[in-house]
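Single-structure report; data block below.
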Amino acid sequence: MTAVTPKRTGPLIVYVDDERANRVVFEQSLNAEFNLITAQSAVEALELLKTTDVAVIVSDMRMPSMTGDELLRIVKERYPRIIRMVVTAYADVDPILRAINEGLVARYIIKPWIRTELVQVLRWAIEAWTFTRDSAALHRRLLETERLATLGSIASMLVHDLKQPLMSLLVNVEHLSELANAAPILRDALLHAPVAPAQRARLLELVDDLEPVTTDLRTSGLHLSELISGLRELGRPRDPNNPASTTDPLPIVRHAMAVCQELAIPVRASIGYEGPGELPRVRMSATELTQVLINVVANGAQAVAARGVPHGRISIVARPDADMLELQIRDDGVGMTPEVLGRVGTPFFTTRPDGTGLGLAQCQRLVGTVGGRFHIESEHGIGTTVTIILPTAA
């Protein structure tokens, strides 16, 4: 065992890094303020945890023999009350996001770290451990809240990088729309061109698809642009004197159906609309309503696909009523057990291996923010109905 003996008392921090220089700098920079031990490997850290009461573990991400995420996964399983954090010199966010989504870490630190910032992070970790050490439920809730905040900070870093390729996409969509406007000319030329009948029929199909495909691409691109812009507003409360914009929900419904149709194709399921040809405007922005409907309709399509029975159906039923609009999204998919239904909407709870557990939580937040209601009913083996009630514009 080559771990450095702590020189102070108080909650113990363990720093794990295979590079000696990093361990020396960490110790010399922080041991005046914190009770800490350094370890040169994941194996050494695990041996230390067997005999020592540790409050916080900070691990390098890339180490030989056992990586940082492998170490933290073991720590989470054996010592769930320890506050876990990761430090890495790599800008690649994929392993960091995986660690956050799996609940392996509460915070991440990018090398080279700044001492004042690192001190603040470690103080938070010590306070969190002290505050929640006697309550497992409180510990879990605090870490879930911190994970949301950490994901938000990562999202804000990506906003600038996403904007440029999105602008390129939107510019090219406009060029594609010019081609779509010329579809009648192309169709007429194909009818008289010396082309084999089968090839002519296929080309005519593609020409006819130009306009709806361009419209869907433009709608999706603008929606993504609004989402990126909205990331800047996440931390700002709504101004009560500036009510939400109003939106015609029917085009959003049809767009959500088109976007999610591909999810229903493997089991030949259908997505349909049942309701009036015109709907009252609702007091919710187009971006937020799109986000909600795509999330819910996609969940329905995935549930139908998971059941594996051909010709399933997802229905969007609209019912205007006084000053409210009710939208029901029904599916005949696998449904949910009462236990799963009771946890749906809890941040980070998911039943899908590739899920984040944030979609429905976000839907509930968005609907609630505009004064609406969001309710889920489900029966295992029968299907699920999601009811969204939104206030309409005066």
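The table for this structure:
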quantity	calculated
Gyration tensor (alpha-carbon) shape descriptor, the stretch 258-362, a/c threshold 1.5	oblate
Gained length - residue 168 relative to residue 268, 0.36 nm times residue gap less alpha-carbon distance	32.6 nm
Geometric extent, Cα atoms of the stretch 3-79 - Rg, Dmax (angstrom)	11.6, 31
Net charge, residue 52 excluded, C-beta distance under 14 Å - Lys, Arg +1, Asp, Glu -1	0
Stretchable slack from residue 224 to residue 379, in nm (0.36 nm times residue separation minus alpha-carbon distance)	52.4 nm
Among 385-393, 219-227, the order from most to least packed when residues are scored by Cβ within 10 Å on average	385-393, 219-227
Backbone HN-Hα couplings from phi across the stretch 37-46 [Karplus 6.51/-1.76/1.60, Hz, Gly and Pro as x]	10, 10, 10, 8, 7, 5, 4, 5, 5, 5
Listed peptides 18-24, 324-330, 112-118 by packing density, highest first (mean Cβ within 10 Å)	324-330, 18-24, 112-118
Derived scalar couplings ³J(HN,Hα) [the stretch 246-259; Karplus, 6.51 cos²θ - 1.76 cosθ + 1.60; whole Hz; x for Gly, Pro]	9, 9, 7, x, 5, x, 5, 4, 5, 5, 4, 4, 5, 5
Whether the stretch 187-342 is rounded, prolate or oblate, judged on the alpha carbon gyration tensor where a/c under 1.5 counts as rounded	oblate
Principal axis box of the stretch 304-394, alpha-carbon based, largest edge first, Å	43, 30, 21
Under-5 Å amide H pairs with residue 107, H placed in peptide plane, nonlocal only	86
Cβ crowding within 10 Å averaged over residues, with 364-377, 173-186, 45-58 ranked highest first	45-58, 364-377, 173-186
Sites residue 346 and residue 201, calculated FRET efficiency, Cβ-Cβ separation with R0 56 Å, nearest 0.05	0.65
Difference of contour (0.36 nm per residue) and Cα-Cα distance, residue 113 to residue 51	19.4 nm
FRET efficiency for residue 62 and residue 187, using Cβ-Cβ distance with R0 set to 45 Å, rounded to 0.05	0.20
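Every number in this text was worked out from the coordinates using simple rules, so none of it is lab data. As the structure is a computational prediction, the values presented were derived from the model and not from experiment. Note that we place each Cβ from the backbone using ideal geometry, even for glycine, and neighbour counts take in every protein chain shown.
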